[in-house]
Amino acid sequence: MTVKSVTKDPEALTMTISVELDATAERAWQLWADPRQLERWWGPPTYPATVVDHDLVAGGGGTYFMTSPEGEKFHGWWEVISADPPKRLELRDGFADDSGKRNDEMPVTVMTMTLDEIDSARTLMTIESRFPSKEDMERLIEMGMEEGIKEALGQIDAILAGDATSG
């Protein structure tokens, strides 16, 4: 996998990461659609994810948590705005407390993921996160969002290299 670019635009309140995958768009979509595959890469390597609920259709959503090396759990949620398999997924992404209740004190981002086939064997995956404010963008980046996403994406090659169609 080759990270093509990471672009932070404080004026547009966005951070965009583009990654080249050795897979078709249909195969790359399964990295998101199959919760067992998603678990294998959504969190950074030292904070593995566990997907609790997962429904990638407009109006659907999901809940998950990431577990730290010390065993602490960090919960999150998704609310799917739109899904156009295998090309595009747009969702709200937020934090939750231990019971799964949304944490309104933390910012909610809008994430748009697109898959564009480069050729018959490679796909460009672009993930754009839109922040509610410049302060929220700075806060989440300071919390390690950029590094965490890059580390998480770094796990995808191993999934694509194996027979990961079912996780």
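Every number in this text was worked out from the coordinates using simple rules, so none of it is lab data. Since the structure is predicted, the reported quantities are computational estimates derived from the model, not experimental observations. Positions of Cβ are generated from backbone atoms using ideal geometry, with glycine treated the same way; all protein chains shown enter the neighbour counts.
Things to note:
- Distance-filtered residues of segment 122-139 - backbone nitrogen under 20 Å, label point 7 angstrom along Glu11 Cα→Cβ: 128-138
- When the chain is treated as a GNM with alpha-carbon contacts under 10 Å, the residue of Thr46, Thr63, Thr14 showing the greatest mean-square fluctuation is Thr46.
- Relative contact order of segment 2-143, pairs being alpha-carbon contacts under 8 Å that are 6 or more residues apart, as %: 23
- For mean projected area of the Cα convex hull in nm², calculated from these coordinates, the label among (i) 9.2; (ii) 10.3; (iii) 14.1: (i)
- Among Pro107, Pro45, Pro69, residue whose mean-square fluctuation peaks in a GNM of the chain (springs only between Cα atoms under 10 Å): Pro69
- Counting 0.36 nm for each residue step from Ala121 to Lys134 and taking away their Cα separation leaves a gain of 0.9 nm.
- All lysines inside 22 Å of Lys8 as judged from Cα atoms, apart from same-chain residues fewer than 8 positions distant: Lys134, Lys150
- Gain on full stretching of the segment that runs from Met145 to Asp97 - 0.36 nm per residue minus C-alpha separation: 15.5 nm
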